[in-house]
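K.L.:
Got a structure for you, questions after.
None of the figures in this text is laboratory data; all of them are computed from the coordinates on show. If you're wondering where the values come from, they're calculated on a predicted model, not measured in any experiment. Cβ placement follows ideal geometry from the backbone for every residue including glycine, while neighbour counts extend to all protein chains displayed.
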Amino acid sequence: MYILGVTTTRADFGILRPTFERLAADGEINFELVVTGTHLEEEFGFTKLEIEKTNLKIDHEIPLDISKNLNDGIGSIYSVAVYKFSKLFKTCKPDLILILGDRYETHAIATAATLENIAIAHAHGGEITEGAMDDALRHSITKLAHLHFASNEIHRNRIIQMGESPKNTILTGALAIESIFKIPLFSKAELEKEIHFPFENKDIFLVTYHPETRSDLPEKEQVRKLFDALFRIENAKFIVTKANADEQGREINQEIENLISGRSDFLFISNLGQKKYYSAIKIAAAVIGNSSSGIIEAPSFNTGTVNIGNRQKGRLASDSVIHCGFDSNEILQAIHKAKSIKGMQFNNPYHFGNASEMIVDSIKSLYQKSILFKKFHNIDVR
């Protein structure tokens with residue numbers, strides 16, 4: 001069986017890496033890795049270099065010129081991705097591609113695979129994030145895909161509710177959780193040296209804020225309210241990672257740069273890499289922002305999360321996640337609460353076991369050419 005694994009961002013590579021490594025090591029599978037999206041963009045940290053430090057070989061690089069094409073809108077990047085991946089699939093003719101999540105680039109890749117009659121395995125379908133257009137993209141990818149790997153039983157049921165085959169919808173838990181328990185993390189002192197940011201025995205907060213694409217409040221105003229709260233925290237330092245590669249993401253990054261200019265208590269960084277990022281979650285007094293990692297991964301580190309706004313609204317969350325709106329006082333109150341629960345143990349609803357092994361075994365046992373001919377699975381709604 002010939003499988004292409006596709007990674008578009010720093011985030012999905014860290015999540016998919018154990019599965020990619022297991023596929024590459026399987027003697028029954030011809031696996032090739034495709035690197036695209038922000039991995040190949042200097043503006044977003046050129047994270048291809050992080051992949052090259054692993055034991056995985058990059059077989060194909062598909063540049064989308066995101067930094068350049070963002071000026072013309074996401075639609076232009078989408079069309080480039082469909083065109084280039086259609087050409088790749090015509091040349092390579094894989095049996096199946098493995099993708100994750102809900103990015104617009106990922107949707108374009110799934111569209112290209114559908115047009116070239118190639119089977120799709122998709123991880124993290126069935127989830128809900130009402131505050132972002134990602135919600136619609138994710139559900140659309142589910143309808144294009146043939147094998148589904150769900151992070152929770154609720155999400156599995158939702159995929160089936162969309163007409164997908166129960167047999168081909170597998171409960172694996174969140175893929176990222178596996179890496180948490182396999183990667184040897186940096187100590188606080190080691191991380192301080194790795195990122196060249198002196199902690200000075202202060203509380204460390206990890207901040208990531210992405211565009212809330214369905215909010216009436218402008219992105220810059222959202223960021224100002226968040227940083228108004230951060231500026232009022234005493235005896236603290238902040239590691240802030242850049243927003244993702246959207247039009248609004250670039251606006252957020254520019255606003256953050258303006259707000260923290262000249263301040264030594266903030267480190268603004270394009271990419272930490274998975275090991276440093278997880279190490280930062282582990283040592284952080286709290287995780288702040290609206291990234292899915294604060295909901296999916298942070299509970300496994302016994303670190304509280306402040307989830308701001310509606311970007312992740314509807315996503316299943318542990319009791320360690322404190323939800324709040326955009327009011328600066330409300331954000332500040334939530335931060336103090338999250339800090340107070342640091343070190344407490346919470347159940348992580350996304351932790352089910354060895355996801356990569358379940359995914360590879362499922363692909364090998366369930367894939368066949370006939371999987372391309374999907375039947376709508378009806379459920380009894382009476």
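K.L.:
Nearest 500 deg cm²/dmol is fine: what mean residue ellipticity at 222 nm does the chain get from its DSSP H runs of n ≥ 4 alone, each adding -39,500 (n - 2.57), divided by its residue count?
P.N.:
Calculated mean residue ellipticity at 222 nm is -12000 deg cm²/dmol.
K.L.:
Next question, about the same structure. Please state, to two decimals, what the Cα-based radius of gyration of the range 188-340 comes to when divided by 2.2 N^0.38 Å (N = residues).
P.N.:
0.95
K.L.:
Still on this structure, please answer the following. When a/c is below 1.5 the answer is rounded, else prolate if a/b is larger than b/c, else oblate, so apply that to the range 264-382 with a ≥ b ≥ c taken from the square roots of the Cα gyration tensor eigenvalues. Walk me through the numbers before you get to the answer.
P.N.:
On the way: a/c = 2.40, a/b = 1.79, b/c = 1.34.
Here the range 264-382 falls in the prolate category.
K.L.:
I would also like to ask the following. Exposure proxy check: His210, His122 ranked by fewest other beta carbons within 10 Å?
P.N.:
Working: His210 24, His122 27.
Ascending number of Cβ neighbours within 10 Å: His210, His122.
K.L.:
Could you tally the net charge around Tyr278, taking each other residue with its Cβ under 14 Å from the Cβ of Tyr278, Lys/Arg +1 and Asp/Glu -1?
P.N.:
Neighbourhood net charge equals +2.
K.L.:
For helix 219-230, what angle does its Cα long axis make with the longest principal axis of the chain, in degrees from 0 to 90 and rounded to 10?
P.N.:
Long axis of 219-230 versus the principal axis of the chain: about 50 degrees.
K.L.:
Determine, for Tyr209, Tyr2, the number of other Cβ atoms within 10 Å of each Cβ, and report the residues in order from fewest to most.
P.N.:
Tyr2, Tyr209
K.L.:
How high is the relative contact order of the range 188-340, given as a whole-number percent (alpha carbon pairs under 8 Å, six or more residues apart)?
P.N.:
25 percent
K.L.:
With θ set to phi - 60°, apply the Karplus curve 6.51 cos²θ - 1.76 cosθ + 1.60 along the range 156-170 and write out the HN-Hα couplings as whole Hz, x wherever there is a Gly or Pro.
P.N.:
Here the 3J(HN,Hα) series is 4, 5, 5, 4, 5, 4, 7, x, 8, 5, x, 4, 9, 10, 10 Hz.
K.L.:
If you don't mind, another one. Return the distance in nm (one decimal) between the two label points of a simple spin-label model at Asn302 and Arg224, each offset 7 Å from Cα along Cα→Cβ.
P.N.:
4.1 nm
K.L.:
What is the antiparallel percent of DSSP beta bridges lying wholly in the range 188-340, to the nearest 5? Mind dumping the intermediate values first?
P.N.:
Values: 0 of 21 bridges.
Antiparallel bridges: around 0 percent, rounded to the nearest 5.
K.L.:
While we're here: Sort Tyr277, Tyr104 by Cβ crowding within 10 Å, fewest neighbours at the top.
P.N.:
Placing the least packed residue first, the sequence is Tyr104, Tyr277.
K.L.:
Just need the relative contact order of the range 1-130 here, percent rounded to a whole number, with Cα pairs under 8 Å and 6+ apart.
P.N.:
Relative contact order comes out at 24 percent.
K.L.:
For Lys374 and Tyr83 in the same chain, what is the full-extension length gain: residue separation times 0.36 nm, less their Cα-Cα distance, in nm?
P.N.:
Between Lys374 and Tyr83, full extension yields 102.3 nm more.
K.L.:
If I model a spin label at Lys188 and Gln254 as a point 7 Å from the Cα along the Cα→Cβ vector, what separation in nanometres do I get?
P.N.:
Once both label points are built, they end up 3.8 nm from each other.
K.L.:
Simple spin-label model, 7 Å along Cα-to-Cβ: Asn117 to Lys143 in nm?
P.N.:
2.3 nm
K.L.:
Okay, moving on. For the modelled label position 7 Å from the Cα of Asp26 along Cα-to-Cβ, which residues of the range 140-175 have backbone nitrogen atoms closer than 11 Å?
P.N.:
none
K.L.:
May I ask which of Lys143/Lys242; Lys48/Lys84; Lys276/Lys342 have a Cα-Cα span longer than 22 Å here?
P.N.:
Lys143/Lys242
K.L.:
Provide the per-residue ³J(HN,Hα) series for the range 255-269, in order, calculated from phi with Karplus coefficients 6.51, -1.76, 1.60 and θ = phi - 60°, each as a whole number of Hz, with x at glycine and proline positions.
P.N.:
With the stated coefficients, the range 255-269 comes to 5, 4, 4, 5, 5, 9, 4, x, 9, 8, 8, 10, 10, 9, 9 Hz.
K.L.:
Normalising by the residue count of the range 1-55, find the relative contact order in percent from Cα pairs under 8 Å and 6+ residues apart.
P.N.:
Taking the mean separation of contacting Cα pairs over the length of the range 1-55, I get 39 percent.
K.L.:
Once each part is reduced to its C-alpha centroid, what is the distance from the range 203-252 to the range 255-318 in angstrom?
P.N.:
10 Å
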